[in-house]
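Working notes, beginning with the structure itself.
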Amino acid sequence: MMDAIFKEDIDDENRGLILKFIYKNKPADDQIIMSIAESKKNIKTASDYNMEYLNNEANLILINKEKERSFLSAFNKEYEGYLKETMELME
């Protein structure tokens, strides 16, 4: 599991190098879980990184970025489709 490569102090060129290394060296029998936070400072989206560096092979899970700490908010069935898709990916 990786969570530090998309901090604000790492520029886009270095992110690309890191993602290329991860893709080239990924294990065939394990999964890699990464988080990519989208922001106004970084114009590339998780989908962009998936296409450019991961051969469009990554399964993307969207966490509502409109609400602060939305991942920990009460479930009101507003995004039930995302929950269902996430659960199917984990099966």
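Here, each number is a calculation from the coordinates, and none is a lab measurement. These numbers come from a predicted model, not from an experiment. Positions of Cβ are backbone-derived with ideal geometry, glycine not excepted, and every protein chain shown enters the neighbour counts.
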For the residue 83, residue 40 Cβ pair and Förster radius 22 Å, calculated FRET efficiency rounded to 0.05 is 0.25
Around residue 34, which amide H atoms from residues at least 5 apart in sequence, or from another chain, sit under 5 Å from its own amide H, with H modelled in the peptide plane? 2
Taking neighbour counts of Cβ atoms within 10 Å as a proxy for exposure, in what order, fewest first, do 13, 91, 85, 78 appear? 91, 13, 78, 85
On average, how much area does the Cα convex hull of region 10-56 cover when viewed from any direction, in nm²? 3.4
